[in-house]
Amino acid sequence: MKKTFFKNMKFPAFLLSLLPLFFSCHGVIFDTIRDEVKLADAKISGDIQNIIRYKDDIFVSTGKISYRNVSLTKDLSGKTQEDYTAAAPTEVFVAAVDKKVEFESFSSPVGYIYSLAADSSNLYALSVIIEEDDDGYNVATKRILFSYNSESKEWKEIWSKSYDGDKNDKALLFCTNSPKEANRHAYFRYRSNVYELTGEKLGDTGMTLGTTDHSTAPTSSTESCTVLGSTVYFSSAYAMTSNETPEKDSTYIYRCNGDTVYYSTDGKWSDSASVDLSSDTIISLAFTKNYLLAGTSSGIVHTPLKADSSNVYAIPSSGNSDFDTNADSTLSSYYEVPALLVIDSSRSEYDSTIFATCLTSSTSASLNNVGLWSYFASEGEWNRE
């Protein structure tokens with residue numbers, strides 16, 4: 001996931017409504033799309049750091065939280081395939097994940113919500129409190145970590161610290177974001193301490209830090225994590241992912257370094273098990289049945305997967321290949337793609353539902369296109385959410 005921490009920024013009071021744009025780093029979309037796809041009206045706009053799975057929903061935040069259902073076994077009304085077969089055999093069952101619908105607002109705790117994470121039971125939100133100073137500028141004064149449980153349906157504060165803009169005062173959320181709910185784990189790093197989040201309380205002491213990066217213990221520079229089987233691996237890399245599907249545990253994990261992707265079946269890493277994607281810096285990764293997707297500091301790329309000695313298609317190819325969709329003309333080289341999420345990683349890329357976020361610092365790009373994008377197999381194109 002993308003990391004976020006606030007520097008000592010001041011904003012004129014009348015610009016408070018534009019906060020989502022102030023926290024943008026790089027990347028957005030031109031109004032003219034090469035494949036002549038008509039863009040949908042943008043509903044989820046702004047700086048979106050991550051796309052989070054929680055229960056059967058996905059969540060994003062642009063200061064406030066939005067969500068939509070992505071169940072693989074139920075439709076949007078909650079009916080299953082068996083319900084249709086028994087009651088209306090002539091009707092076609094369409095899983096919630098396969099239907100494009102608008103996101104809904106979700107209850108948000110106080111402050112500007114700039115990062116989310118989730119485990120198997122709880123949703124977590126990292127918020128910044130912004131207040132007007134004596135000169136009429138809005139400044140970040142405090143950060144608060146909240147947890148939400150689907151049973152209590154309440155947000156509860158579990159950590160808070162005042163904030164004065166110290167660049168070393170780093171606070172970030174990250175999580176495994178696994179397709180399998182049982183493998184979802186969330187973590188919070190404050191300065192050099194890393195905590196596993198377990199609900200309504202943050203422990204007095206952080207996790208025991210390891211000395212080796214890309215391993216089963218976090219370090220003081222950990223930025224991301226994923227699951228190999230049921231074991232969590234941590235990395236200082238911008239992004240990690242695995243070949244886990246909603247039904248099967250992962251047998252491969254992946255991490256990035258510059259434009260290189262490393263892959264491993266045992267948690268050990270070597271240059272011999274790495275490929276150069278010939279792209280800009282990779283900052284997000286996502287797995288499909290036939291392609292590995294990479295969001296970069298300059299657009300999106302993908303590379304086909306090759307079979308290993310057991311005929312498992314999980315080894316990424318060197319370089320990158322052309323898209324058969326409008327992916328590289330919407331999420332183009334003008335834009336940073338800090339988050340990617342494939343809902344059902346057992347499907348091939350063009351038969352999937354995929355979400356991506358897009359940011360920019362380019363004055364040539366339209367700020368109307370900063371935010372959340374999606375690809376639905378039924379639509380056959382990338383478009384705005």
Q) Does any residue of segment 74-81 turn out to be farther than 25 Å from residue 352 by Cα and open to solvent by 20 Å² or more (accessible area, probe 1.4 Å)? A) no
**Q.** residue 371, sole failed condition from (1) free of Cβ contacts under 8 Å to residues at least 60 places away in the same chain; (2) under 19 Å from the mean Cα position of the chain (by Cα)
**A.** (1)
Q) Which ones in segment 203-228 are open to solvent by less than 20 Å² (accessible area, probe 1.4 Å) and without any contact (Cβ under 8 Å) to a residue 40 or more places away in the chain? A) 218, 219
Q: Filter segment 271-313 for residues that are without any contact (Cβ under 8 Å) to a residue 24 or more places away in the chain and either among the aromatic types (Phe, Trp, Tyr) or open to solvent by 50 Å² or more (accessible area, probe 1.4 Å) (or both) and give the result.
A: 271, 272, 306, 309, 310, 311
**Q.** Single match in 126, 116 (criterion: open to solvent by less than 40 Å² (accessible area, probe 1.4 Å) and more than 22 Å from residue 345 (Cβ to Cβ))
**A.** 126
Q. Can you tell me which residues in segment 186-202 are within 20 Å of residue 167 (Cα to Cα) and open to solvent by less than 10 Å² (accessible area, probe 1.4 Å)?
A. 188, 194
Q: Looking at (1) touching a helix residue (DSSP H, G or I) at 6+ places or on another chain (Cβ under 8 Å); (2) farther than 13 Å from residue 197 by Cα, find the lone condition where residue 120 falls short.
A: (2)
Q. Within the set of pairs 6 or more residues apart or between chains, which connect a residue that is in contact (Cβ under 8 Å) with a residue 40 or more places away in the chain inside segment 189-201 to a residue that is open to solvent by less than 100 Å² (accessible area, probe 1.4 Å) and of a type in the set (D, E, K, R) with Cβ atoms less than 6 Å apart?
A. 200/156
Q.
When the residues of segment 332-385 are narrowed to those that are of a type in the set (A, V, I, L, M) and outside any loop (DSSP other than H, G, I, E, B), which ends up surrounded by the fewest Cβ atoms within 10 Å (Cβ to Cβ)?
A. 367
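The values are calculated or read from the model by the stated rules, or taken from the named source; none is laboratory data. Predicted model only: the values in this text are computed from it and were never measured. Cβ atoms come from the backbone with ideal geometry, glycine included; neighbour counts cover every protein chain shown. The accessibility values were calculated without ligands, DNA or RNA, using every heavy atom of the protein model including side chains. Shrake-Rupley method; radii C 1.70, N 1.55, O 1.52, S 1.80 Å.
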